Amino acid sequence: MTVCTSAPTLPFCTQSNCGVTTVSRIVGGFEAKINRFPWLVLIYIYYANADTSLPSDTKCGGAIISPDYILFAAHCVLRAIAVRVRPGIHNVNDPINEDSRLISIEFIVSHPEYDPLTESNDMALARVSPTIPFTPGKIVPICLGLNIHHVVGSEVVVAGWGVTSFQGQSSDVLREVSVNLISNEQCRTMYNSSGVTIKDTMLCTLLPDKDACQGDSGGPLIYEIQPQKFVMIGIVSFGIGCGSESYPGVYTNVTNNNYITWIRGIVGNPGC
Ligand code: ARG
């Protein structure tokens, strides 16, 4: 039996296999190894008149947090009419078949205080149907519930199918990059003159030429709490340009207690 805990400095469900990857990383590499991030899903976003049985051009990332729910960014679904989710995918051109299915969504809950003008509370939950079958090593939920204070200054990881340079081309294969989690004070100072407000419900990463970018939105920012076990700390939200040395990448801080309470109210025990 899985015993869940809500200890503040540990992921929930410490005895579950959330966040576990069986694939180690290529040193200095960018294309992720197959199954390196088994909680990551590709989300297709559809607008009016689109054929939802086909892959769409607009994409976001998302994270499996339970057999029924994907955690991603609310801004991904502004004006969208439908979304579909693909778990266990590496190359966007992989044919849709039993191994790489297109899963439907029953409903989406955007955070009730999501504000597109400030990108505050940029977070949404998608309920999938049918349930996502967990397969160790291949389809695994990510952990949540870390205390962020231990992580500031550390190396964290983001991955996605987004563009590989600002206004450039998106990637067919999943890519990963390591970046540094900086303090919110530093981030606020850096964004000060731009008119962008950095709230405590956000997180920032900075490493020149290393960042998330368009198309990576909604994907998880993760921290390797022990070898090959990851906890989700953020959701790719926004930035000015990408990989700029002046403007950090900004994420929704999912370690925030109010967010964890909101998620648990809908999902139950994430990671279980
Ligand atoms: N809003 C973008 C998207 O929809 C993500 C931008 C992230 N930018 C950054 N510099 N980290 O895909």
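Taken together, the values in this text are just the output of simple stated rules run on the coordinates, not laboratory data. On a predicted model such as this, the values are computed, not experimentally measured, just so you know. When we count neighbours, we look across all protein chains shown, and the Cβ atoms used for this are built from the backbone with ideal geometry, even at glycine.
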Practice problem: Could you work out how far apart the two model spin labels at Glu245 and Gln228 are, taking each label as a point 7 Å from the Cα in the direction of the beta carbon, and quote it in nm? | Solution: 3.8 nm
Quiz item: Ile266 versus Glu113, label points 7 Å from Cα toward the beta carbon: distance in nm?
Solution: 1.5 nm
Exercise. Note down the nm distance, to one decimal, between modelled labels 7 Å out along Cα→Cβ at His149 and at Thr131.
Key: 3.8 nm
Exercise. Pull out a ≥ b ≥ c, the square roots of the eigenvalues of the alpha-carbon gyration tensor of region 24-79, then state rounded if a/c is under 1.5, prolate if not and a/b is larger than b/c, and oblate in the remaining case.
Key: prolate
Practice problem: Return a whole-number percent for the relative contact order of the chain, with Cα pairs under 8 Å and 6 or more residues apart as the contact set. | Solution: 23 percent
Exercise. Could you order peptides 237-247, 189-199 by the average number of other Cβ atoms within 10 Å of their residues, highest first?
Key: 237-247, 189-199
Exercise. Give the shape of region 142-182 as rounded, prolate or oblate, defined through the alpha-carbon gyration tensor: a ≥ b ≥ c are the square roots of its eigenvalues, a/c under 1.5 means rounded, and otherwise the shape is prolate if a/b is larger than b/c and oblate if not.
Key: prolate
Self-check item: Ellipticity estimate at 222 nm from DSSP helix runs (n ≥ 4, -39,500 (n - 2.57)) divided over the chain, nearest 500
Solution: -2000 deg cm²/dmol
Quiz item: For Lys199, which lysines qualify as cross-link partners when the Cα separation must be under 25 Å and same-chain residues fewer than eight apart are set aside?
Solution: Lys210
Quiz prompt | Proximal lysines to Lys138, defined as alpha-carbon separation beneath 20 angstrom and excluding residues fewer than eight positions away on the same chain | solution = Lys33, Lys229
Self-check item: Of the chymotrypsin sites (Phe, Trp or Tyr not before Pro) in region 39-104, those whose Cβ has at most 14 other Cβ within 10 Å and which sit in DSSP loop
Solution: Tyr47
Quiz item: What does the charge add up to near Val92, with Lys and Arg as +1, Asp and Glu as -1, over the other residues with Cβ less than 11 Å from its Cβ?
Solution: -1
Exercise. Could you please report the charge total around Ala124, scoring K, R as +1 and D, E as -1 over all other residues with beta-carbon less than 14 angstrom from its beta-carbon?
Key: -3
Practice problem: Determine the relative contact order of region 124-272: mean sequence separation of Cα pairs under 8 Å and six or more apart, normalised by residue count, in whole percent. | Solution: 25 percent
Quiz item: Going 7 Å from the Cα of Glu106 toward and past its Cβ, which residues in region 59-98 have a backbone nitrogen under 19 Å from where you end up?
Solution: 63-72, 82-87
